[in-house]
Amino acid sequence: DEVFLPLREIINTIFILGSVTVVLCILISVTLSNRLIKPLRLLKEYSMKISDGDLSTKFETTRDTAVEIRNVSNTLNTMTDNLRKARINVQQQNEIIKEQMNELKQTDVEKEQFLTMITHELKTPLFPIQGYCEMLKEQKKLDVEQENMIDEIHKNSKILEKLIQDLLLAQKIQM
């Protein structure tokens, strides 16, 4: 047994050194993996915020952060800046569109008011003109030339009445 004693000590030493080496390797592996995983988890959380619409945060890196993760985070930061600018632009365009819609509605109201006023103003003198023409035609004191003039006035008043009716119809159709 004494012959094997130095061999047993060597084996024990190798076993202890091997165990220490394995433990050191595990500790180094855990440390390195945590160093890589932590920024990846943070990057994932940041990406989730972006997907939820939160464009106000930035992903901060340190000089210890891996280059690849730093590159990805810089790209994400640029993307969120661009999205934020695009969102602001869309909001501004929406405001312009709302203003234009309000202007169009106001113009439409003014057009309707104008059509109502103009048809009323045209109809008001038209009906008395037609009535006077019919009264004059019933009188037998007119010569042929006067009757022709009254017929022309009456004919043109009917044309004007038809135009007014067309205006009223167009106004009703547009409503």
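The values are calculated or read from the model by the stated rules, or taken from the named source; none is laboratory data. The shown structure was predicted, so the numbers you read here are calculated from the model rather than taken from an experiment. Methodologically, a virtual Cβ is constructed for each residue, glycine included, from the backbone with ideal geometry; neighbour enumeration extends over all protein chains shown. Note: accessible area is taken over every heavy atom of the protein model, side chains too, but ligands, DNA and RNA are not part of it. Shrake-Rupley method; radii C 1.70, N 1.55, O 1.52, S 1.80 Å.
Considering the stretch 1-56 alone, what residues qualify as being in a helix (DSSP H, G or I) and of a type in the set (Ser, Thr, Tyr)? Outline the logic, then answer.
Step one: list which residues in the stretch 1-56 are in a helix (DSSP H, G or I), which gives 5-51.
Within the stretch 1-56, 13, 19, 21, 29, 31, 33, 46, 47, 51 qualify.
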Practice prompt. Quick one: count up the residues across the stretch 136-175 that are touching a residue at least 24 places away in the same chain (Cβ under 8 Å) and assigned to a loop (DSSP other than H, G, I, E, B).
Written response: 1
Fill in: Residue among 60, 68 that alone is open to solvent by 90 Å² or more (accessible area, probe 1.4 Å), in a helix (DSSP H, G or I), on the phi < 0 side of the Ramachandran plot and of a type in the set (Asp, Glu)
68
Worksheet item: All but one of (1) exposed (fewer than 11 other Cβ atoms within 10 Å of the Cβ); (2) at pLDDT below 85 hold for residue 15; which doesn't?
Response: (2)
Worksheet, complete the sentence: Residue set 153, 96, 88, 164; condition over 30 Å from residue 37 (Cβ atoms), of a type in the set (A, V, I, L, M, F, W, C) and open to solvent by less than 60 Å² (accessible area, probe 1.4 Å); output residue 164
